[in-house]
Amino acid sequence: MSNPILDVQNLRVRFETHHGVVRAVDGVSFQLHEGETLGLVGESGSGKSVTNLALMGLVPQPPGVVEADKMSFEGRDLLSLSDRELRSVRGNDISMIFQDPMTSLNPLLTIGRQLTEVLEVHKKVTRREARQICADGLDDVGIPLPKKRLDQYPHELSGGMRQRVMIAMGLLCKPKVLLADEPTTALDVTIQAQILELMKRLQETHGTAIILVTHDLGVVAGMSDRVNVMYAGKLVETADAGPLFEQPRHPYTKGLLASVPRLTGDPNAELDSIPGSPPDLAALPPGCSFAPRCGLKTDQCTTHTPTLEELPTRATSRSSACFENARLTDTLIADTLDYGDRPQGGSFA
Amino acid sequence: MLEVTDLHKHFPIGKKGLLGKPAKWLHAVDGVSFSLEKGETLGLVGESGCGKSTTARTMIGLYPPTSGSVKFEGEEISHLSRSERAPFRRRIQMIFQDPYASLDPRQTVASILAEPLKIHRLAKPRERKLRAMQLLDAVGLNPRHIHRFPHEFSGGQRQRIGVARALALEPDLIICDEPVSALDVSIQAQVVNLLEELQERFGLSYLFIAHDLAVVRHICDRVAVMYLGKIVEIATRDELFENPQHPYTKALMSAVPHPDPKIERTRERIVLEGDVPSPLEPPTGCRFHPRCVERHKVEGDRCSTVEPQLGERSACHLSLD
Ligand SMILES: Nc1ncnc2c1ncn2[C@@H]1O[C@H](COP(=O)(O)OP(=O)(O)OP(=O)(O)O)[C@@H](O)[C@H]1O
Ligand SMILES: Nc1ncnc2c1ncn2[C@@H]1O[C@H](COP(=O)(O)OP(=O)(O)OP(=O)(O)O)[C@@H](O)[C@H]1O
Ligand code: SF4
Ligand SMILES: [Mg+2]
Ligand SMILES: [Mg+2]
């Protein structure tokens, strides 16, 4: 396979707070290739956004501390870049669609000012050209009257429109890597489909690699090549999208998939959820972080920490961090089921 | 219990002219009517920007309505002054769409949750902290985290603080503006189950704004579908999901992604053609007609000239015939 565009080995991010050290990301490794979409799912508070912020060099330091054995973009070490070099990468080569549009947009500046600024920093364009490009960008994300919207302030837009402004901003410079953190949560399904389609088009024409963080497993299913599952700062499972949904291996992934509300089935039944509450990252239990909520735990689980291990499947590579892997593998059917080709445009149109 | 009649909210847009008149009016909410019974959950769904949040905010008096009425237990509440509204403020709570903007960054979670109890004199100072911890526990957060500040929580955790704050005053009606969209599905399930449990215990009513139709199907008794400032279809949950009438509702239903790659990648969708129309210049006739795939079934040019009224159920010439 070609060289990865992003290569992350053993990424650790901790926050040193008054209440102790919060290990938000705890030894995460993954690679991302050109044109690939990596889904990132997991418990709320498991470190998905912080992982992306670390890639952007945007973790607040202090209280944050970012360390990694390796964190490179196109072979360049991101951790050793100067502020200036980082600024030229950020927003241009790697851009991020932030989870919270309201805190990431400046309430005092018009939408137009904020969008054109991005272009003026990274590309040589005149004011006028910049305005036109930005209006087109808003049009692409389905915002009516784009020219008028450029002169409005964030509070004058609906929640979903603000989110789409963030998306337009993330796509303006046609980045090589797009970190999309919950890009479509505030959007209705028809506009969501339109946005996902737009991201796919960008991927096809520019080979953009995408990390897609989302709680919507339907979106993950439709968009991702591979999926990483996080729990309490660690990757607990990684697999190609098809096999993951077909046969989740890690008990957390199983619980997650079982919690998805569906359009079929008894609407009056209580929704399944994973019992117990998420762990306190400042005081993790010894052993497997999921053990207190896991139905399969054994004594070993509360004393030793499982590592992410490759599972013996024929077709695809997949790993899970669970001591019960050996027991579960007996039942693992060969992951050779045919998922067909990746959707080519169309399916989200 | 709650009765909204012909509610309008228009925002001035553009520079004011010589006489101080705004250039244009944006019709964010353009004649919305519905009612809500005690113990009932009404879903409000629709395209981004169609006026759902504005409807909610106007209902609770955050925006003065342009016209129309909002009655709570028979009393008009939309035109009240701040002090006149006080007794209703405890009974009607709102969970905001944007948890970041609605939590004071300088207050700890303890004071965010205790503040409303203090204002409404609902608990003794010593009890307040205990109550705050109970609330955190109820929404699946660690009670020991009450001395933390909002920025120390993740997106989904902050959303749950908003839910806990709304529950603090034990209201009768909660307006939930996308209360679970930032949560992972397992915690979403916990919060949804919690909302349902509270409803059963205290006879709470909810106005539930959401984009996730599977969640809406789960929690709502009735559902209203909005398009460009108007309700285009309103029906009981089962009627709406099993037999959607309005072409927009059908398109919405068909666009729901499915959490199984095999199904998701081969699924049939109704593609909405055309641009999202502008609320400044809504299309003539049926507001949905430029994007409607069924208008050829209606004779002549009625769809583009005559506005279909919301009858029993769906504002579409097809179902009115
Ligand atoms: N500035 C900070 N100070 C202290 N703790 C922090 C800070 N930022 C994040 N955290 C903690 O780090 C953990 C990971 O947060 P992160 O935002 O990455 O979660 P997430 O997986 O994106 O969750 P969500 O799905 O809810 O957005 C959380 O437990 C959060 O409380
Ligand atoms: N304070 C304001 N000033 C001017 N226009 C506004 C204001 N608030 C909302 N609008 C406009 O009113 C329309 C409806 O917005 P609203 O926030 O109600 O949409 P929504 O249905 O909640 O959408 P979403 O699903 O994206 O949250 C939008 O066109 C928006 O730009
Ligand atoms: S009235 Fe006509 S245009 Fe409007 S939804 Fe019905 S068929 Fe479509
Ligand atoms: Mg996040
Ligand atoms: Mg809204």
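The values are calculated or read from the model by the stated rules, or taken from the named source; none is laboratory data. Predicted model only: the values in this text are computed from it and were never measured. Using ideal geometry, Cβ is built from the backbone for each residue, glycine included, and neighbour counts are taken over all protein chains shown. To get the accessible areas, we keep the full protein, side chains included, count just its heavy atoms, and leave off ligands, DNA and RNA. Shrake-Rupley method; radii C 1.70, N 1.55, O 1.52, S 1.80 Å.
By DSSP, what percent of the beta bridges with both residues in segment B:2-320 are antiparallel, rounded to the nearest 5?
60 percent
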Which of the peptides A:154-160, A:47-53 is most tightly packed, and how do the rest follow, judged by the mean count of other Cβ atoms within 10 Å per residue?
A:47-53, A:154-160
Could you tell me whether segment B:96-183 comes out rounded, prolate or oblate from its Cα gyration tensor? Rule is a ≥ b ≥ c as square roots of the eigenvalues, rounded for a/c under 1.5, then prolate if a/b exceeds b/c, otherwise oblate.
oblate
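Would you mind calculating the relative contact order of segment B:2-320 from Cα pairs under 8 angstrom and at least 6 residues apart, reporting the percent as a whole number?
Details: 561 pairs, mean separation 60.4, N = 319.
RCO, segment B:2-320: 19 percent.
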Kirkwood calc, segment A:146-286, C-alpha pairs only, radius in angstrom 17.6 Å
Please find, in a Gaussian network model of chain A (springs between Cα atoms separated by less than 10 Å), the residue of A:Gly20, A:Gly91, A:Gly242 whose mean-square fluctuation is greatest.
A:Gly20
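Please calculate how many Å² of accessible area segment B:156-228 carries per residue, with a 1.4 Å probe and no DNA, RNA or ligand atoms counted. Don't skip to the answer; put the middle values down first.
Details: 1480 Å² over 73 residues.
For segment B:156-228, the solvent-accessible area averages 20 Å² per residue.
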Residues of segment B:237-266 that bury at least 50 Å² of accessible area, probe 1.4 Å, when all protein chains are present rather than the chain alone, are B:Pro257, B:Pro259, B:Pro261, B:Lys262, B:Arg265
Roughly how far apart, in whole Å, are the Cα centres of segment A:224-261 and segment A:277-301?
17 Å
B:Ser67 versus B:His120: modelled label distance in nm, points set 7 Å from Cα along the beta carbon direction:
3.4 nm
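Calculate for chain B the 222 nm mean residue ellipticity that helices alone would give, adding -39,500 (n - 2.57) per DSSP H run of length 4 or more and normalising by residue count, nearest 500 deg cm²/dmol. Mind showing how you got there, number by number?
Working: 13 runs with 112 residues, N = 321.
The helix contribution divided over chain B gives -9500 deg cm²/dmol.
What is segment A:223-327 by shape, rounded, prolate or oblate, if you read a ≥ b ≥ c off the alpha carbon gyration tensor as root eigenvalues and call it rounded for a/c under 1.5, prolate for a/b larger than b/c, and oblate otherwise?
Details: a/c = 1.85, a/b = 1.11, b/c = 1.67.
Note, shape of segment A:223-327 comes out oblate.
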Using only the Cα atoms of chain A, build the gyration tensor, take square roots of its eigenvalues as a ≥ b ≥ c, and label the shape rounded, prolate or oblate: rounded if a/c is under 1.5, else prolate if a/b is larger than b/c, else oblate.
prolate
Ignoring ligands, DNA and RNA and using a 1.4 Å probe, state the total buried accessible area between B and A in Å², rounded to the nearest 100.
5500 Å²
Which entries in A:Lys48/A:Lys176; A:Lys48/A:Lys200; A:Lys148/B:Lys71 show an alpha-carbon gap greater than 26 Å?
A:Lys148/B:Lys71
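Would you mind estimating how fast the protein assembly as shown diffuses translationally, via Stokes-Einstein at 37 °C and 0.692 mPa s with the Kirkwood radius over Cα pairs, in µm²/s?
Values: Rh = 26.0 Å.
Estimated via Stokes-Einstein, D reaches 126 µm²/s.
When the chain is fully extended, how far beyond the present Cα-Cα distance does A:Glu204 get from A:Thr17, taking 0.36 nm per residue of separation? Mind dumping the intermediate values first?
On the way: separation 187, 0.36 × 187 = 67.32 nm, distance 4.29 nm.
Contour length minus Cα-Cα distance gives 63.0 nm.
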Separation between the B:Ala86 and A:Val65 pseudo-spin-labels, each 7 Å from Cα along Cα→Cβ, expressed in nm?
5.1 nm
Ignoring ligands, DNA and RNA, please state the percent of accessible area on the protein assembly as shown from carbon and sulfur, probe 1.4 Å.
50 percent
Here the FRET efficiency for B:Lys250 versus B:Ser278, based on Cβ atoms and R0 = 22 Å and rounded to 0.05, is 0.40
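Express the relative contact order of chain A as a whole percentage, based on alpha carbon pairs under 8 Å and six or more residues apart in sequence. Mind showing how you got there, number by number?
Values: 620 pairs, mean separation 65.6, N = 349.
Value for chain A: 19 percent.
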Within 10 Å of each Cβ in A:270-279, how many Cβ atoms from other chains are there, averaged over the peptide?
6
Check: C-alpha center segment A:160-190 vs C-alpha center segment B:138-163, spacing in Å is 25 Å
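As a test of the formula, what do you get for chain A when each DSSP H run with n ≥ 4 contributes -39,500 (n - 2.57) and the sum is divided by the residue count, at 222 nm and rounded to the nearest 500 deg cm²/dmol?
Details: 12 runs with 108 residues, N = 349.
Value at 222 nm, helices only, nearest 500: -8500 deg cm²/dmol.
Where Rh denotes the Kirkwood radius from the mean inverse Cα pair distance, what is Rg over Rh for segment B:2-320? Numbers along the way, then the final one.
Values: Rg = 21.0 Å, Rh = 21.2 Å.
That ratio equals 0.99.
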Summarise the partner chain shielding of A:33-44 as one whole number: the mean count of Cβ atoms from other chains within 10 Å of each residue's Cβ.
2
